[in-house]
1. Rg over Rh of region 170-329, using C-alpha atoms and the Kirkwood radius, what does it come to?
2. Between residue 363 and residue 14, how high is the FRET efficiency from 1/(1 + (r/R0)^6) when r is the Cβ-Cβ distance and R₀ = 25 Å? Nearest 0.05.
3. In deg cm²/dmol and to the nearest 500, what is the mean residue ellipticity at 222 nm of the chain if only DSSP H runs of at least 4 residues count, each as -39500 (n - 2.57), divided by the residue total?
4. How much length would be gained if the chain were fully extended between residue 273 and residue 114, taking 0.36 nm per residue of separation minus their Cα-Cα distance, in nm to one decimal?
5. In nanometres, what is the gap between the two model label sites at residue 429 and residue 318, each 7 Å from Cα along Cα-to-Cβ?
6. Using mean Cβ contacts within 10 Å as the protection proxy, how do 255-267, 471-483, 20-32 order, highest first?
7. Per-residue counts of other Cβ atoms within 10 Å, averaged by peptide: what ranking do you get for 118-126, 418-426, highest first?
8. Where does each of 103, 137 land when they are ranked from fewest to most other beta-carbon atoms within 10 angstrom?
């Protein structure tokens, strides 16, 4: 079946279908569970209340990493798991995941010993899936590699390797892979209630957000993979359910590469708040972050706090020759991490393990909490294993460790603005009809053909879907994305058979959203 929402919705709303696995949540975790389930042969349906990766899963630091800071915390098991998964993901989605070199600037002999030994251990943990050996480099070579950082007191640097990726593009490709393997993945379908047969979960009540039509989903198993919103689903199952997650907010600032032109990422291992800070080249700009701030009620559009913005600008300014100012920020984006609720109230969010945990309620609702993008595949595998054990289903073999994800291509030119489409890029180039230089946005390298492709082949339903997640315009330059928004809406309206009122509403909605990504 094509990745066509109308056809897939028709299949999902069929009252005669009994799904083996219903997955609630279209972020990294839910996509991982659904792909694992469908490739084992289970009849699988995934629903997401907004767009795929609308929340946290499109707002990461863009790293597929073992987690250097988890090593510092002594969580060797998580580092090992993440390092292995990083290597598998690079093999399965080489069009989205690349080997990125990082350099830690060193300012003392003790730092040299500490970071060199620590990163050698990091290499060793990854084993044959290591992306490259870490080495100490001289002061001269560090300055050559990082020409934009301050050199006072610099004695050298430690270079190591980790992975970099495009998070929301991976999410879209995973959803496509689910459908290509016989499953159904739908955006804009909200779960409104849990269906039970006696005291046992038998499915869920849902509504198609676009048309407002309610329908019932019958399922043998239901997985709650809604990230920071897992407690909402748990309370549908049991109104007295205890709180399982706390949300921690991380923000990122996007600045021009004129502040940091190196192809190597910069890693600052110790900041004033005890976290690491990254400056990572991404899509011809630089992502700087992140913070770790506890928040109250989670939302789909969290806002950066002034203290977080000032912290990143100040910390970056301590290392960069040219200090970025508020007016230099092209976009600020915020993600919420779903962390297991700490048993000790005084435990800081950055100290809570990012390991995932599976909870099975008395009625049989499967909930997964914690985790991170790098381990999405392992989380999916563990969840399906748990479902099989719980119901006594015949154990099946996981297939995702070596499964090529949609778009798989090893012919990658990372300087090509269309690289992230992988094997789909050739078709998009054909659609440009010889007008490859006629971009909707020259600076963002966004072409009309990409908008058509997003609607026709990637289930984009709104301007935000196109500019925030099918392309990364909103995150790379929020102001430029506002400028091109009316043109994108007009193109989409033709493909979706929408009218002028729809265009006006989309422009208004998107502009209001994008303004939140700007610093006044």
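1. When Rh is taken as the Kirkwood radius, the ratio is 1.10.
2. With R0 = 25 Å, the Cβ-Cβ based efficiency is 0.50.
3. -10500 deg cm²/dmol
4. Extra length from residue 273 to residue 114 when fully extended: 55.3 nm.
5. If labels sit at residue 429 and residue 318, their model points lie 4.6 nm apart.
6. 20-32, 471-483, 255-267
7. So the peptides 118-126, 418-426, ranked by packing, come out 418-426, 118-126.
8. Working: 103 21, 137 17.
Lowest count first: 137, 103.
Rule-based calculations on the coordinates, nothing more; no lab input. These numbers come from a predicted model, not from an experiment. All Cβ positions, even for glycine, are placed from backbone atoms using ideal geometry, and neighbour counts span all protein chains on display.
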